[in-house]
Amino acid sequence: MKLATLNDGTRDGKLVVVSKDLTRCCAAGYIAPTMQAALDDWERVAPELELLAIDVEHEAVPCERFHERQAHSPLPRAYQWADGSAYINHVELVRKARGAEVPDSFYHDPLMYQGGSDSFLPPRADIPLGDGAWGCDMEGEIAVITDDVPMGVSAEDAADHIKLVMLVNDVSLRGLIPGELAKGFGFFQSKPASAFSPVAVTPDELGEAWKDSLVHRPLMVDYNGEPFGRAEVGVDATFNMAQLVAHAAKTRSLVAGSIIGSGTISNKGADGGPGKPVSEGGLGYSCIAEIRMIETIADGAPKTRFMAPGDTVKIEMRDDDNHSIFGSIEQTVVET
């Protein structure tokens, strides 16, 4: 099934069930008023939401037009947002660009940071930028939402705790990252509010595209109206989403409504080296930093600038019939 949160003026919005083609929705308030309320009681609530989803498909219940621009992020705020780095190719490029090796531990012990989860951007909201020198960048990712996850859960069992899947634009301020990391205390100011796709879907809704706790579809990233990235989510992943959930729960339990991100989707080139731009027949990139790294490796310095006011990004994923699965994240950078 497909679920969304409509922005009704309240902090947490209202939960709706969305039709498979994203054209209609039905309020689910009599089952659970919000997405978080549904996740808090998922075992009981999910079967009722599934029945409502069937009625929505059969047009057996009153529905309204679903407008993606009226949707908030599925969870407008969350108890936890932890972002991993499943695609070590991305990390390898970062390190190579500055002449450093990737530690062996990165291949069996995932990177992860705890992001700000008190407020997410709606999927069609502007990206506020206070200073162009901050180096605004998009990061196209996937994320999962869990129910209650026990501490020490195995990766195999963690897969059963993944209840919803969605897309992410994990906005990064690249110009602030080096100074923060140099303090030895991690990201904070360099990681402003992220935006998630209008719709979150249950793993079974993805059919054969959900396999081994990964989505096996290309992530489509358009930058200023042009194809920028078409990276294959199911390719070159060192870790799957269940492994990242298990990593997050190694020393603590996770409460229902925890969001775990994949990190920037990144593929190697066909020859095993750095990927090529979409315009050159490659799969492109899911963030600007990656093409800048490749430019640095090849030419000694980056040429592609980071995002500036007026620049736009669109992130979505389509099925075999070219229908949008999650709806699209569409954002414009604005000066604040």
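Springs between Cα atoms under 10 Å define the GNM used for the chain, and in it the highest mean-square fluctuation of VAL245, VAL56, VAL17 occurs at VAL56.
Quick one: pull the percent of accessible area on the chain belonging to carbon and sulfur, 1.4 Å probe, ligands and nucleic acids left out. Can you show the working numbers first?
On the way: 7200 of 14610 Å².
Whole-percent figure for carbon plus sulfur exposure: 49.
With the helix formula -39500 (n - 2.57) applied to DSSP H stretches of n ≥ 4, the chain reaches a computed 222 nm mean residue ellipticity of -5000 deg cm²/dmol. For segment 240-320, a crude dipole built from +1 on the beta carbon of Lys and Arg and -1 on the beta carbon of Asp and Glu, taken about the Cα centre, is about 360 debye to the nearest 20.
Computed packing ranks the peptides 158-165, 18-25, 82-89 as 82-89, 158-165, 18-25, most packed first, by mean other Cβ atoms within 10 Å. How big is the gap, in Å, between the Cα center of segment 1-66 and the Cα center of segment 117-174? Using only Cα atoms to place each centre, the spacing works out to 21 Å. Among SER117, SER266, SER324, whose mean-square fluctuation peaks in a Gaussian network model of the chain (Cα, cutoff 10 Å)? In the Gaussian network model the winner is SER324. Packing-based ranking of 187-194, 286-293, 119-126, 223-230 yields 286-293, 119-126, 187-194, 223-230, ordered from highest to lowest mean Cβ neighbour count within 10 Å. Working note: Karplus 6.51/-1.76/1.60 with θ = phi - 60° gives segment 168-176 the couplings 9, 10, 8, 5, 10, 10, 4, x, 9 Hz, where Gly and Pro are set to x.
Ranking HIS67, HIS323 by solvent-accessible area of protein heavy atoms (1.4 Å probe, all protein chains present), from largest to smallest, gives HIS323, HIS67.
Stretched out straight at 0.36 nm per residue, the stretch from GLU57 to LYS250 would grow longer than its current Cα-Cα span by 65.5 nm. Our coupling estimate for segment 134-147, obtained by passing each phi through the Karplus curve with A = 6.51, B = -1.76, C = 1.60 and θ = phi - 60°, is 5, x, 5, 9, 8, 9, x, 9, 10, 9, 10, 10, 9, 8 Hz, Gly and Pro reported as x. Against the chain, whose longest principal axis comes from its Cα atoms, helix 288-299 is set at around 20 degrees. With both residues required to sit in the chain, DSSP beta bridges show an antiparallel share near 85%. Dipole check for the chain: with +1 at the C-beta of Lys and Arg, -1 at the C-beta of Asp and Glu, and the Cα centre as origin, the magnitude is about 900 Debye. Taking each residue as 0.36 nm, the span from GLU180 to TYR113 lengthens on full extension beyond its C-alpha to C-alpha distance by 22.8 nm. Between the Cα long axis of helix 88-97 and the first principal axis of the chain there is an angle of about 30°, rounded to the nearest 10. Quick check on my link table: of LYS20/LYS303; LYS20/LYS314; LYS14/LYS268; LYS14/LYS276, which ones sit more than 30 Å apart, alpha carbon to alpha carbon? Flagged as over cut-off: LYS20/LYS303; LYS14/LYS268; LYS14/LYS276.
If you sort GLU335, GLU316 by accessible surface, 1.4 Å probe, largest first, the order is GLU335, GLU316. At what distance in angstrom do the alpha carbon centres of segment 301-331 and segment 277-295 lie from each other? Measuring centre to centre over Cα atoms gives 13 Å. For the pair THR336 and ASP204, label points projected 7 Å from Cα toward Cβ lie 4.0 nm apart. Annotation: peptides 248-254, 142-148, ranked by per-residue average of other Cβ atoms within 10 Å with the highest first, follow the order 142-148, 248-254. Which shape class, rounded, prolate or oblate, goes with segment 107-207 when its Cα gyration tensor gives a ≥ b ≥ c as root eigenvalues, a/c under 1.5 marks rounded, and past that a/b bigger than b/c marks prolate? Oblate, because a/c is 1.5 or more while a/b does not exceed b/c.
Dipole magnitude for segment 180-251: computed about the Cα centre from +1 point charges on Lys and Arg Cβ and -1 point charges on Asp and Glu Cβ, it is near 380 debye.
Accessible surface for LYS314 stands near 60 Å², nearest 10, in the context of the full protein assembly shown (1.4 Å probe).
Distance between the C-alpha centres of segment 230-247 and segment 182-196: 21 Å, rounded to the whole angstrom.
The values are calculated or read from the model by the stated rules, or taken from the named source; none is laboratory data. Just so it is clear, the structure is predicted and the values come from calculations on it, not from any experiment. Methodologically, a virtual Cβ is constructed for each residue, glycine included, from the backbone with ideal geometry; neighbour enumeration extends over all protein chains shown. In case anyone asks, the SASA skips ligands and DNA or RNA and just uses the protein heavy atoms, side chains included. Shrake-Rupley method; radii C 1.70, N 1.55, O 1.52, S 1.80 Å.
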